[in-house]
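Enquirer: Got a structure here, written out as structure tokens. Questions coming.
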Amino acid sequence: MAPERDRAATGGPPRRERAADEDERAPREAVGRALDRRSPGAAARLRTDPDTVERDLMKLVLTVIELIRQLMERQALRRVDQGDLSEEQEERIGMTLMLLEDRMGELRERYGLSVDDLNLDLGPLGPLLPRGDE
């Protein structure tokens, strides 16, 4: 049967196109069902409330910035321990990291977030950010 006749007979795309669409959709739906079974709270976490969108977005941005800040701090400490930096460079990096930490505190306060709010739980992998005592 020609595609035009097939389309005309069924009122829609040819059977091959419908089957391809169904084949593509099935894995996505299966993954969605699996996630719902494994993590019943996932659906609730993905819903957005128009009143909290700005705060949630800021929480995400600050989490990424805090992760980068901590990585930069660790790298700076390694370089200081190795003696790779001059005294002036050590002073400048220390001041920059302190200012960034202060600014992060101001932004957390402005949006009503705590340090723990920025530490995402990655399930079996544990928290995203190391605790202060680690």
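Rule-based calculations on the coordinates, nothing more; no lab input. If you're wondering where the values come from, they're calculated on a predicted model, not measured in any experiment. So basically every Cβ, Gly included, is an ideal-geometry build from the backbone, and we count neighbours across all protein chains shown.
Enquirer: What net charge do the residues around E90 carry, taking every other residue with its C-beta under 13 Å from that of E90, with Lys and Arg at +1 and Asp and Glu at -1? Working shown, then result.
Expert: On the way: positive: R78, R79, R92; negative: E73, D81, D84, E87, E88, E91.
Taking every other residue near E90 into account, the sum is -3.
Enquirer: Determine the gain in length on full extension of the stretch V80-V64; use 0.36 nm per residue of separation and subtract their C-alpha separation, reporting nm with one decimal.
Expert: Working: separation 16, 0.36 × 16 = 5.76 nm, distance 2.44 nm.
Contour length minus Cα-Cα distance gives 3.3 nm.
Enquirer: Through the Karplus equation 6.51 cos²θ - 1.76 cosθ + 1.60, θ set to phi - 60°, convert the phi angles of the stretch 113-125 into ³J(HN,Hα) values in whole Hz; use x for Gly and Pro.
Expert: Calculated HN-Hα couplings, in order: 10, 10, 4, 5, 5, 7, 8, 5, 8, 9, x, x, 7 Hz.
Enquirer: Could you pull out which residues in the stretch 62-76 have an amide N less than 15 Å from a spot 7 Å beyond the Cα of Y111, following the Cα-Cβ vector?
Expert: 62-69
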